[in-house]
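Working notes for the structure below.
The values are calculated or read from the model by the stated rules, or taken from the named source; none is laboratory data. What you see is a predicted model, and the numbers here were worked out from it, not measured in a lab. Every residue, glycine as well, gets a Cβ built from its backbone with ideal geometry; the counts of neighbours run over all protein chains shown.
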Amino acid sequence: MIEIHKKMKKPPVKILISYLVIIVIFSQLSGLFQNLLLAQDLSSCDLNLKKAEESYFAGNFAQATEMINQCLRETRISEENRAKAYIILTRISLAEGDITTSRQYIEIILKINPGYQPTIEEETPKFVNLVSEIKAAMGEAKSDKSSFNKWILIGAGGVATTAIILLVTARGGDHDVQDNNLPEPPPFP
């Protein structure tokens with residue numbers, strides 16, 4: 001058995017290093033290829049959103065909605081493109097007079113980007129007012145919830161404080177009450 005081991009040659013270090021380098025190069029190339037595919041997907045969504053916006057401005061709401069839905073079905077859509085898609089869908093639903101759907105889309109936009117606040121230069125006054133109205137309603141809901149939680153904490157604190165005071169001041173009936181008076185002070189000289 002020792003003879004077999006001696007007869008087997010060890011691969012030279014240079015060959016092992018070259019194999020390692022080849023593996024590293026292929027792994028880097030595969031990562032680059034995946035990034036290119038991701039960029040292509042994102043650019044196709046960007047392109048769909050631009051075409052959808054053009055269709056919206058041309059009054060072709062059905063075509064714009066279909067393009068946006070194609071973009072939203074993609075698994076690798078960026079948050080920015082997702083918000084942009086819902087902004088265009090909100091414009092379409094407002095143009096069609098569907099306030100309920102518009103509100104739903106704006107709520108989705110605000111979940112994606114809570115700081116979203118369009119200006120009148122960017123959107124119609126109706127759109128801007130609806131966003132402000134929904135943000136105010138969401139703020140009131142949060143404030144009502146936090147106010148309720150605050151009152152629960154205050155109530156629980158009051159109950160706990162009362163219980164502690166009762167425990168400290170209560171003396172059991174069977175216990176001898178000791179006179180804990182202080183001794184008389186010494187007379188003045």
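Among residues of the stretch 106-123 being in contact with a Lys or Arg (Cβ under 9 Å, 6 or more places away or on another chain) and more than 19 Å from residue 50 (Cα to Cα), the one that is surrounded by the most Cβ atoms within 10 Å (Cβ to Cβ) is 106.
For residue 69, are the conditions met, namely being surrounded by 15 or more Cβ atoms within 10 Å (Cβ to Cβ), polar (S, T, N, Q) and modelled with pLDDT of 90 or more? No: the conditions fail for residue 69.
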